[in-house]
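Chemist: Handing you a structure now.
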């Protein structure tokens, strides 16, 4: 598993202007030494070709993989908005666009499925894989919902961005890994250490053999560099211990 810093962790600083997106990239590459990044569409101050090329080139120079683009409202946008978001992902070299499905209070399943069909058609045209993140209250909450989504959408361009800690108690996350292309984890600052972290431990136990990226964010989006550095170090330590345990 590789570790990516999601810009959602620094949402407050990025939204307020205390931190620019380019400064965030530099922080991830030089100070935090993350393997990759996940870029929230809200944090792009510009979307012109020159700026997007700068983001892509800066990530390359810093040794960062652009693991994915995140859009909280992708599936609720119109076709033009979907197309623009997919194009942004392609322009910065992100192979994945991750988003939650709409909520059950926003629309019906049949209407949501129709929008998913439009989204997968657009994604296929630009060779971007859509990675649905499970979230409470949406049409993708647990194992059953995601299985239904795969069956009824029936598209190779629709996969899972699994937030293991957010799955309902009845879910079996191991059953979802074959179609998982990204793993999310919302780190809680000030968490106690050791085995008192059941959600973190469950995520590690399920996804330890996952070869893609774990997108690490800080719950609340009010992270400091210290918070994210500590979270990344915790995950590096756990992954190393897990590998050592296997070797022994």
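Throughout, read-outs are computed from the coordinates displayed, never taken from laboratory work. Quick caveat, the model's predicted, so the values are computed rather than measured. Here the Cβ is made from the backbone with ideal geometry for all residues, glycine too, and neighbour counts use every protein chain on show.
Chemist: Just grab the label-to-label distance for residue 49 and residue 144, each label 7 Å out from Cα along the Cβ direction, in nm (one decimal).
Modeler: A separation of 5.0 nm, rounded to one decimal place.
Chemist: OK, next. Pulled fully out, how much extra length does the chain show between residue 170 and residue 156, if you take 0.36 nm times their separation in residues and subtract their Cα-Cα distance? Can you show the working numbers first?
Modeler: On the way: separation 14, 0.36 × 14 = 5.04 nm, distance 2.59 nm.
Full extension from residue 170 to residue 156 adds 2.5 nm.
Chemist: Still on this structure: Would you calculate a helix-derived [θ] at 222 nm for the chain, using -39,500 (n - 2.57) for each DSSP H run of n ≥ 4 and dividing by the full residue count, to the nearest 500?
Modeler: -12500 deg cm²/dmol
Chemist: Taking the beta-carbon count within 10 Å as an exposure proxy, list 43, 187 from fewest neighbours to most. Each step should come with its number before you reach the end.
Modeler: Details: 43 18, 187 22.
Listed from fewest to most nearby Cβ atoms, that is 43, 187.
Chemist: Further question on the same structure: Which of 1, 82 comes first, and how do the rest follow, when ranked by fewest Cβ neighbours within 10 Å? Mind showing how you got there, number by number?
Modeler: Numbers: 1 17, 82 23.
Ordered by Cβ neighbours within 10 Å, fewest first: 1, 82.
Chemist: Turning to a different aspect of this structure: If I take R0 = 30 Å and measure r between the Cβ atoms of residue 16 and residue 78 in this structure, what FRET efficiency does the formula 1/(1 + (r/R0)^6) give, to the nearest 0.05?
Modeler: Values: r = 29 Å, r/R0 = 0.95.
E between residue 16 and residue 78, to the nearest 0.05, is 0.55.
Chemist: Grab the Cα-Cα distance for residue 233 and residue 111, subtract it from 0.36 nm times how many residues apart they are, and report the gain in nm with one decimal. Write down the numbers at each step before the final one.
Modeler: On the way: separation 122, 0.36 × 122 = 43.92 nm, distance 4.27 nm.
Gain on extension, residue 233 to residue 111, equals 39.6 nm.
Chemist: Quick check: residue separation of residue 226 and residue 124 times 0.36 nm, minus the Cα distance between them. What number comes out in nm? Before the final figure, lay out each step's value.
Modeler: Values: separation 102, 0.36 × 102 = 36.72 nm, distance 3.90 nm.
Using 0.36 nm per residue and subtracting the Cα-Cα distance, I get 32.8 nm.
Chemist: Any idea how far the Cα center of segment 200-225 sits from the one of segment 124-155, in Å?
Modeler: If we compute the Cα centre of each part, the gap is 20 Å.
Chemist: Does segment 2-247 come out rounded, prolate or oblate, given a ≥ b ≥ c as the square roots of the eigenvalues of its C-alpha gyration tensor, rounded meaning a/c under 1.5 and, failing that, prolate meaning a/b above b/c?
Modeler: Verdict is oblate for segment 2-247.
Chemist: Considering only DSSP beta bridges with both partners in the chain, what is the antiparallel share in %, to the nearest 5? Working shown, then result.
Modeler: Working: 1 of 32 bridges.
Of all bridge pairs located within the chain, approximately 5 percent are antiparallel.
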